[in-house]
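Following: one structure in structure tokens, then a few remarks.
Only the coordinates and a few stated rules stand behind these numbers; no lab work does. The model shown is predicted, which means the values in this text are computed figures rather than measured ones. A quick note on method: Cβ atoms are made from the backbone with ideal geometry, for glycine too, and the neighbour counts reach across all protein chains shown.
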Amino acid sequence: MAPKVLVSDKLSETAVQIFRDRGIDVDFMPELGKDKEKLLSIIDQYDGLAIRSATKATEKLIEAASNLKVIGRAGIGVDNVDIPAASRKGVIVMNTPFGNMITTAEHAIAMMFAVARQIPEASASTHAGKWEKSKFMGVELTGKTLGVIGAGNIGGIVCDRAVGLKMKVIAYDPFLSDDRAKKLGVTKVELDELLQRADFITLHVPKTEKTANILSREALAKTKKGVRIINCARGGLVDEEALAEALKSGHVAGAAFDVFAVEPATENVLFNLPNVVCTPHLGAATTEAQENVALQVAEQMSDYLLTGA
Ligand code: MLT
């Protein structure tokens, strides 16, 4: 009998086609991730579950999934999967670490420009017919120091683009080798040095016990006056309360956040502060990235379900 896969989030239909082409019996129910009870009641029929971020693969769901062999996350973060519960049941969890890295890095760069030139506020003002030409004085990126926290797949691309923009790039990443730093054209530094030197700081680390609150109140206090902070990685890496206070005091000149401690973020201490640019976790939201991650997750899951590889 053909293995059965449930797609319970809005995955590109490319994934569905790949599953079918590979001979997998696939049910495409992109709204199901939001309906926990329904999902719980049918999950035992499936060998594979393909998700993005809306479906929460909790311990309860995994326990109820008596036939489940693999959970595929079309994207990087597996924060919505209870990994210990999956391991206990022998369920493999796979992600697609490469499919959306360029898109996410580009979003971080776009956010850096947006906050440097106050583009969202200037756009809203122009749409309102105000023509406030002298109100929106920006800063150049050329020659500025960008501090990159985490120079892995996404952070590495950010470094490369920023070097191309003629920024001086310094990176804090305990896993960054001297050789790779050299290839990227960046200087490796300790976190304290990065905080003291950077005109812009961008985060590109997962949220783990070590990185949660990495930009704590104490860390923010060490930053240069006038710093601008970009977070397109994960909510909870920055102390939002402390950042809001630092923005109000003028110590931090701007922030651009795509991710928030609580998501979906319908309210947040950063909302409505001047020169804070916010987007609703759009880091991976391009046509190209969504095609890539859908294709990759479907291929990987099919390989595993059909050959165990
Ligand atoms: C990811 O982990 O791949 C990104 O944060 C995108 C997402 O969660 O949708």
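Could you tally the net charge around Val269, taking each other residue with its Cβ under 15 Å from the Cβ of Val269, Lys/Arg +1 and Asp/Glu -1?
On the way: positive: Arg217, Lys248; negative: Asp239, Glu240, Glu241, Glu245, Glu263, Glu267.
Result for the local shell: -4.
What percent of all Cα-Cα pairs in the stretch 101-278 falls in each 10 Å bin, counting up from 0?
10, 40, 36, 12, 2, 0
FRET efficiency for Met29 and Lys183, Cβ-Cβ distance as r, R0 = 35 Å, nearest 0.05?
0.20
May I ask for log10 I(q)/I(0) of the chain at q = 0.08, 0.11 Å⁻¹, from a Debye sum over the Cα atoms as equal point scatterers with solvent left out?
-0.41, -0.73
Which of His127, His204 comes first, and how do the rest follow, when ranked by fewest Cβ neighbours within 10 Å?
So the ranking, lowest neighbour count to highest, is His127, His204.
What is the calculated FRET efficiency for Ala221 to Ser123, with r their C-beta to C-beta distance and R₀ = 25 Å, to the nearest 0.05?
Rounded to the nearest 0.05, the efficiency is 0.15.
For the modelled label position 7 Å from the Cα of Ser249 along Cα-to-Cβ, which residues of the stretch 198-221 have backbone nitrogen atoms closer than 17 Å?
The answer is 215-221.
Treat each spin label as a single point 7 Å out from the Cα along the C-beta direction, and report the Ser134 to Ile83 distance in nm.
5.5 nm
Within the stretch 204-255, report the GluC sites (Glu not before Pro) that DSSP leaves as loop and that have at most 12 other Cβ atoms within 10 Å.
Details: sites: Glu209, Glu218, Glu240, Glu241, Glu245; in loops: Glu209.
Here the GluC sites (Glu not before Pro) that fit, given the DSSP loop and packing criteria, are Glu209.
Counting pairs of alpha carbon atoms under 8 Å apart in space and at least six apart in sequence, what relative contact order in percent does the stretch 43-93 give? List each step's numbers first, then the result.
On the way: 77 pairs, mean separation 21.7, N = 51.
Worked out over the stretch 43-93, it gives 42 percent.
Among Met112, Met29, what is the fewest-to-most ranking by other Cβ atoms within 10 Å? Don't skip to the answer; put the middle values down first.
Values: Met112 28, Met29 15.
Fewest-to-most ranking of Met112, Met29: Met29, Met112.
Efficiency by 1/(1 + (r/R0)^6): what FRET value for Lys210 and Glu37, r their Cβ-Cβ distance, R0 = 45 Å, to the nearest 0.05?
Approximately 0.80, to the nearest 0.05.
Rounded to the nearest Å, what's the spacing between the alpha carbon centres of the stretch 190-219 and the stretch 114-167? Just the number, please.
Comparing the Cα centres of the stretch 190-219 and the stretch 114-167, I get a distance of 19 Å.
Pick out, in residue order, every one of the GluC sites (Glu not before Pro) in the stretch 89-168 that is DSSP loop and has at most 14 other C-beta atoms within 10 Å; say none if there are none.
Taking the stretch 89-168 and a limit of 14 other Cβ atoms within 10 Å, the loop GluC sites (Glu not before Pro) found are Glu132, Glu140.
Say the cut-off is 23 Å between C-alpha atoms; which of Lys166/Lys188; Lys182/Lys207; Lys168/Lys188; Lys38/Lys60; Lys188/Lys210 go over it? Working shown, then result.
Numbers: Lys166/Lys188 17 Å; Lys182/Lys207 26 Å; Lys168/Lys188 12 Å; Lys38/Lys60 13 Å; Lys188/Lys210 19 Å.
Table pairs above 23 Å Cα-Cα are Lys182/Lys207.
Longest exposed-loop-site-free stretch of the chain, with trypsin sites (Lys or Arg not before Pro), DSSP loop and at most 10 other Cβ within 10 Å? Don't skip to the answer; put the middle values down first.
Numbers: sites that count: Lys133, Lys210, Lys225.
The segment 1-132 is the longest one with no such site.
Loop only by DSSP, 11 or fewer other Cβ within 10 Å of the Cβ. Give me the GluC sites (Glu not before Pro) in the stretch 276-306 that pass, ordered by residue number.
none
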